[in-house]
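Enquirer: My questions will all concern the structure given below.
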Amino acid sequence: MTDNSMICAGIDVGKSHLDIAIHPGTARLRVTYDAAGLKELDAFLQEHDVSRIGFEASGGSP
């Protein structure tokens, strides 16, 4: 039996923006990577009752 009671968010971190996806579900959000965007992200995560977050840095050259 699979426990889907934990709400998770995946966040792809870029230089200028963050892309967020919620699982389970289909909620998505893109915010700017600045104070206003982080405030919007915080509200979004609280609204969806997220209990775990995973981050992934976008690719790019060193």
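The values are calculated or read from the model by the stated rules, or taken from the named source; none is laboratory data. What you see is a predicted model; the values in this text were computed from it and never measured. Neighbour counts run over all protein chains shown; Cβ positions are idealised from the backbone, glycine included. All accessible areas refer to the heavy atoms of the entire protein, side chains included, with ligands and DNA or RNA removed. Shrake-Rupley method; radii C 1.70, N 1.55, O 1.52, S 1.80 Å.
Enquirer: Name the residues in region 1-53 that are outside any strand (DSSP E or B), of a type in the set (Val, Ile, Thr) and under 10 Å from the mean Cα position of the chain (by Cα), would you?
Expert: Result: VAL50, single match.
Enquirer: What tally of residues in region 1-56 results from selecting those that are touching an Asp or Glu at 6+ places or on another chain (Cβ under 9 Å), touching a residue at least 24 places away in the same chain (Cβ under 8 Å) and open to solvent by 50 Å² or more (accessible area, probe 1.4 Å)?
Expert: 3
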